[in-house]
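The next block holds one structure in the form of structure tokens; read it before the comments.
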Ligand SMILES: [Zn+2]
């Protein structure tokens with residue numbers, strides 16, 4: 001039996017978002033200088049990475065910018081086998097991980113010979129991807 005009758009006609013659906021970044025511009029500029037920034041709420045102490053200009057817990061805008069660095073530890077990761085729109089340049093499969101750096105959790109692309117392990121020590125660096133977007137990359141420490 002042929003699968004011909006189950007074929008569906010499809011079209012590409014493009015969805016674009018406008019994200020205001022002016023109040024967290026320091027984060028994006030920092031990536032270009034190999035710096036990863038987070039914010040700490042001076043009112044309640046909540047920590048944000050990626051940084052937020054306003055605290056989502058106490059709604060204060062009294063935030064302090066701090067640099068995140070040193071050695072991190074993988075908390076979780078996922079290996080992706082298909083490309084979301086805009087990630088067509090990626091080599092399949094690729095790994096997105098969350099690593100803890102002190103009190104901050106940072107998301108980045110993992111680059112290593114093998115799959116990462118939870119608890120594995122990593123270092124973070126910043127670089128432009130093939131499309132020109134600055135990103136965080138983790139490599140085994
Ligand atoms: Zn707060």
- Item | Residue check, residue 125 in contact with a strand residue (DSSP E or B) (Cβ under 7 Å, 6 or more places away or on another chain) and under 21 Å from residue 22 (Cβ atoms) | no
- Which of the residues that make up the range 110-124 are assigned to a strand (DSSP E or B) and surrounded by 16 or more Cβ atoms within 10 Å (Cβ to Cβ)? 110, 122, 124
- Task: Report yes if some residue within the range 65-77 is closer than 24 Å to residue 17 by Cβ and either within 16 Å of the ligand (Cβ to nearest atom) or touching a strand residue (DSSP E or B) at 6+ places or on another chain (Cβ under 9 Å) (or both); otherwise report no.
- Result: no
- Query: Given the conditions (1) outside the structural domain of residue 131 (by TED's automatic domain parsing); (2) surrounded by 11 or more Cβ atoms within 10 Å (Cβ to Cβ); (3) out of contact with any strand residue (DSSP E or B) (no Cβ under 6 Å at 6 or more places or on another chain), which single one is not true for residue 31?
  - Reply: (3)
- Result of the Cβ filter at 6 Å on the range 64-85, keeping first residues that are touching a residue at least 60 places away in the same chain (Cβ under 8 Å) and in the same structural domain as residue 99 (by TED's automatic domain parsing) and partners that are part of a loop (DSSP other than H, G, I, E, B) and surrounded by 15 or more Cβ atoms within 10 Å (Cβ to Cβ), at least 6 apart or interchain, is 74/116; 74/120
- Note on the structure: Within the range 34-56, restricting to residues that are surrounded by fewer than 19 Cβ atoms within 10 Å (Cβ to Cβ) and more than 15 Å from the ligand (Cβ to nearest atom), the one that is nearest to the chain's Cα centre (by Cα) is 50
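The values are calculated or read from the model by the stated rules, or taken from the named source; none is laboratory data. What you see is a predicted model; the values in this text were computed from it and never measured. Glycine gets a Cβ as well: all are built from the backbone with ideal geometry, and neighbour counts include every protein chain shown.
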